[in-house]
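Engineer: Starting off with a structure, shown below.
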Amino acid sequence: MSAQVFAKKQKKILIIESYHKEFKWDSDYRKSISDYLKANYTLSFFEMNTKKISKQNYENVAQSAWEYSLDYNPDLVILGDDTALSLLGERFEHAKIPTVYLGIKSDPKLYFDKDPLYITGIYAKPLVLKTAQYLKEILPKTKRALILFDKSKSSEVLYQEILKNINNNYVSGILFQVETIENFINWQSLVLNARRNFDVIIVGLYQYLKGENGNEIDSEEVMKWTSKFTPVPVFGLWDNSVGKEKAIGGLVVSSSAQGYEAAKMAEKILIYPHVLPKSIPPVYVEEGSVLFSKFQLKKWRIKLSKNLVHDASFID
């Protein structure tokens, strides 16, 4: 848990991260926010580090973030991801502090007793239907795909809103099966036996898988293990799931875009302080980024079409 303050400007913005600056998802949206706002505003970042602490300590770190915000006295707060919103959204709403969320996968209304007046923001929902089209272009012989999600609240909401409509249905000629999993051992079993029934695996949310003792498994280790032992190609839905020891790639939700849209919304609220944030509708960033790992493409001997190469970004 740490805080970092950048150059002083007239109005102050506090960005509270669910995770930490070394986590790629966070580092990318931090950069977008900083690039857009740092010339005209004072920015302060608070890292909740919830990937590195137990859930039992979430309330303690939320209290620390709240106390830091009271000392900092921001004109506006940006909350990164569902954990920060669920733990702190009501507090900022009751304090009437304008707040913008980003990276939210659940319905934000789940985190409030009633519709908030001072909070709005950016959704980060996966582009599953468009992903099916890209899979057909990358691996034309794909007929069956397994989509894996953990059993977090975010996954439950996404299942009701998106995933249940494609479970055991054909999309772009691909039959999809969705599995929501609580335990890492069950996740491992599905991955190891995937070749029997599936041509590819698509990894969704995997941050809240439990080990044999009920402890949460580090998400980076989940992707590293999945990448190493999968018998079929693995694709991702969020950009932080793609990489050398992760997924091959895919049409992913970009945290950079999330940060950019959140920064624009924050500036609009600060420029027009008489307008309640509620009157600014939440934004669903529907355009994803085509992202691939060079290492994984080589490992799986996948050659992309010229059109895909032209449209895609590459890492490692």
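Engineer: Any residue in the stretch 46-67 that is in contact with a helix residue (DSSP H, G or I) (Cβ under 6 Å, 6 or more places away or on another chain), more than 18 Å from Glu220 (Cα to Cα) and in a strand (DSSP E or B)?
Structural biologist: yes
For (1) among the basic types (Lys, Arg); (2) closer than 29 Å to Lys52 by Cα; (3) surrounded by fewer than 17 Cβ atoms within 10 Å (Cβ to Cβ), each residue gets a yes or a no:
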| position | (1), (2), (3) |
| --- | --- |
| Lys164 | yes, no, yes |
| Ser172 | no, no, yes |
| Phe184 | no, yes, no |
| Asn197 | no, no, yes |
| Glu212 | no, yes, yes |
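Engineer: Output the number of residues of the stretch 214-231 satisfying the condition of being open to solvent by 70 Å² or more (accessible area, probe 1.4 Å) and at pLDDT 90 or above.
Structural biologist: 4
Engineer: Quick one: in the stretch 282-303, of everything that is under 30 Å from Leu117 (Cβ atoms) and in contact with a strand residue (DSSP E or B) (Cβ under 7 Å, 6 or more places away or on another chain), which residue is most open to solvent (accessible area, probe 1.4 Å)?
Structural biologist: That would be Tyr284.
Engineer: Further question on the same structure: Which is under 21 Å from Trp300 (Cα atoms) and at pLDDT 95 or above, of Val178, Val234?
Structural biologist: It is Val234.
Engineer: Could you identify the single residue in Phe23, Phe6, Phe45 that is modelled with pLDDT under 95, buried (at least 17 other Cβ atoms within 10 Å of the Cβ) and of a type in the set (A, V, I, L, M, F, W, C)?
Structural biologist: Phe23
Engineer: I'd like to check something: does the stretch 176-185 contain any residue that is more than 19 Å from the chain's Cα centre (by Cα), in contact (Cβ under 8 Å) with a residue 24 or more places away in the chain and farther than 20 Å from Asp218 by Cα?
Structural biologist: Yes.
Engineer: Suppose we filter Tyr170, Tyr118 for residues that are aromatic (Phe, Trp, Tyr) and in contact with a helix residue (DSSP H, G or I) (Cβ under 7 Å, 6 or more places away or on another chain); which single one remains?
Structural biologist: Testing whether each residue is aromatic (Phe, Trp, Tyr) and in contact with a helix residue (DSSP H, G or I) (Cβ under 7 Å, 6 or more places away or on another chain) leaves just Tyr118.
Engineer: Condition first: outside any helix (DSSP H, G or I) and open to solvent by 70 Å² or more (accessible area, probe 1.4 Å). Now tell me which residues in the stretch 272-281 satisfy that.
Structural biologist: Correct list: Tyr272, Pro273, His274, Leu276, Pro281.
Engineer: List the number of the failed condition for Phe92; all other conditions in (1) open to solvent by less than 50 Å² (accessible area, probe 1.4 Å); (2) touching a helix residue (DSSP H, G or I) at 6+ places or on another chain (Cβ under 7 Å); (3) under 25 Å from His274 (Cα atoms) hold.
Structural biologist: Among (1) open to solvent by less than 50 Å² (accessible area, probe 1.4 Å); (2) touching a helix residue (DSSP H, G or I) at 6+ places or on another chain (Cβ under 7 Å); (3) under 25 Å from His274 (Cα atoms), Phe92 violates only (2).
Engineer: Looking at Gly80, Gly121, Gly103, which one is touching a strand residue (DSSP E or B) at 6+ places or on another chain (Cβ under 7 Å), buried (at least 24 other Cβ atoms within 10 Å of the Cβ), more than 20 Å from Ser219 (Cβ to Cβ) and not hydrophobic (A, V, I, L, M, F, W, C)?
Structural biologist: Matching residue, one of Gly80, Gly121, Gly103: Gly121.
Engineer: So the check is Cβ under 9 Å with 6+ separation or different chains; which pairs have a first residue in the stretch 95-115 that's closer than 19 Å to Ile271 by Cβ and a second one that's of a type in the set (Lys, Arg)?
Structural biologist: Between residues of the stretch 95-115 that are closer than 19 Å to Ile271 by Cβ and residues that are of a type in the set (Lys, Arg), the close pairs are Ile97/Arg91.
Engineer: Another one. (1) modelled with pLDDT of 95 or more; (2) farther than 14 Å from Phe235 by Cα; (3) open to solvent by 10 Å² or more (accessible area, probe 1.4 Å): which one isn't true of Lys114, the others all being true?
Structural biologist: (1)
Engineer: Can I ask one more? Quick one: Asn57 ticks every box in (1) closer than 26 Å to Glu261 by Cα; (2) surrounded by fewer than 17 Cβ atoms within 10 Å (Cβ to Cβ) bar one, so which box is it?
Structural biologist: (1)
The values are calculated or read from the model by the stated rules, or taken from the named source; none is laboratory data. Just so you know, these numbers come straight off a predicted model, no measurement behind them. Reconstructed Cβ throughout: ideal geometry from the backbone, glycine too, with neighbour counts over all protein chains shown. Ligands, DNA and RNA are excluded from the accessible area calculation, which covers all protein heavy atoms including side chains. Shrake-Rupley method; radii C 1.70, N 1.55, O 1.52, S 1.80 Å.
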